[in-house]
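*Asks:* Mind looking over this structure? Questions follow.
Please treat every number below as a calculation from the coordinates, not as lab data. Predicted model, so just to flag it, every value in this text is computed and none were measured. Please note: Cβ atoms are built from the backbone with ideal geometry, for glycine as well, and neighbour counts cover all protein chains shown.
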Amino acid sequence: MFTEKKENSHNILKGYNMLLYFAGSMIMYEPTEECVVDFWENGILKQLPVKSMNPRFLKASSQLRESCKDKALCAGILSSDYNRLFPSDGLPLASLHESEYKNTGTSESVDPGDNVSVFYDSYGWVSKFRGRKADDYLGIEILFLTRLIENYLLLEDDVCKAEMRKEIIRFIDKHILSWIPKWNELVQKNAMTMCYKGIGTLIYACAEDISNVMSEP
């Protein structure tokens, strides 16, 4: 029974990682026609790899099912929405940087541990995008989270796995759920496509669900 539960938990986490890879790529790169084919026509959005009773996850599923109904026009519409929401220059409607949502204008001392770069460095992890995208960029944080989960799934020692679970929860609390709710509000308000509304909700829901899975004994 324990082995079955452990295997099921691993499969669930692999499913969430697949969803994070999808969402992260839609944040990191401007969508293309190949992206629409890979994700909507042939990929994970035809049947999501995990099931969740989280109302936010159910909402994300519904939003994504309602997106990209006209595959011929979808790539162009998504590209336009991407550049409205997350332009490389100009004022973004939903900034992808954690620091934009943290109150840095106070006189209170800032805990150095709150800097996401410190978290990366503690694991000896350097993003291949460092120098091109800031460490607190959402796509980078999602990529790091998937790496933590991958490392967790490779561990055999129960003590090490318990510590890694705590670290994953700590990262999600400090560097995902600490600002993603505000970011998602802006996405829901400003996105023109159901796709990006769904991606915003999906990232929020996946972070909640992964934290809950890691909190289970």
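*Asks:* If we sort 60-66, 82-88 on the protection proxy, mean other Cβ atoms within 10 Å, highest first, what's the order? Can you show the working numbers first?
*Replies:* Details: 60-66: 18.3, 82-88: 15.7.
The peptides rank, most packed first, as 60-66, 82-88.
*Asks:* Under a Cβ-only charge scheme (Lys and Arg +1, Asp and Glu -1), can you give me the dipole magnitude of the chain about the Cα centre, in debye to the nearest 20? Could the numbers behind the result be given before it?
*Replies:* Numbers: 25 positive and 31 negative charges, 107 e Å.
Dipole about the Cα centre, nearest 20: 520 debye.
*Asks:* Counting other beta carbons within 10 Å of each Cβ, put Trp40, Trp125 in order, fewest first.
*Replies:* Numbers: Trp40 20, Trp125 14.
By the 10 Å Cβ count, ascending, the order reads Trp125, Trp40.
*Asks:* Which order do the peptides 153-162, 188-197, 89-98 take when ranked by the mean count of other beta-carbon atoms within 10 Å per residue, highest first? Before the final figure, lay out each step's value.
*Replies:* Working: 153-162: 10.9, 188-197: 18.9, 89-98: 15.2.
Output ranking for 153-162, 188-197, 89-98: 188-197, 89-98, 153-162.
*Asks:* Figure the gain on full extension for Gln47 and Met192 (residue separation times 0.36 nm, minus the Cα-Cα span) and round it to one decimal in nm.
*Replies:* On the way: separation 145, 0.36 × 145 = 52.20 nm, distance 2.38 nm.
Length difference between fully extended and current span is 49.8 nm.
*Asks:* If you work out semi-axes √(5λ) of the Cα gyration tensor in Å from the coordinates, which of (1) 27, 24, 15; (2) 44, 20, 13; (3) 61, 15, 12 do you get?
*Replies:* Checked against the structure: label (1).
*Asks:* Longer than 26 Å from Cα to Cα, which of Lys14/Lys161; Lys59/Lys182; Lys71/Lys133; Lys59/Lys174; Lys166/Lys197 are they? Say none if no pair is. Intermediate results must be reported in sequence, preceding the final value.
*Replies:* Numbers: Lys14/Lys161 16 Å; Lys59/Lys182 17 Å; Lys71/Lys133 30 Å; Lys59/Lys174 24 Å; Lys166/Lys197 30 Å.
From the list (Lys14/Lys161; Lys59/Lys182; Lys71/Lys133; Lys59/Lys174; Lys166/Lys197), the Cα-Cα distance tops 26 Å for Lys71/Lys133; Lys166/Lys197.
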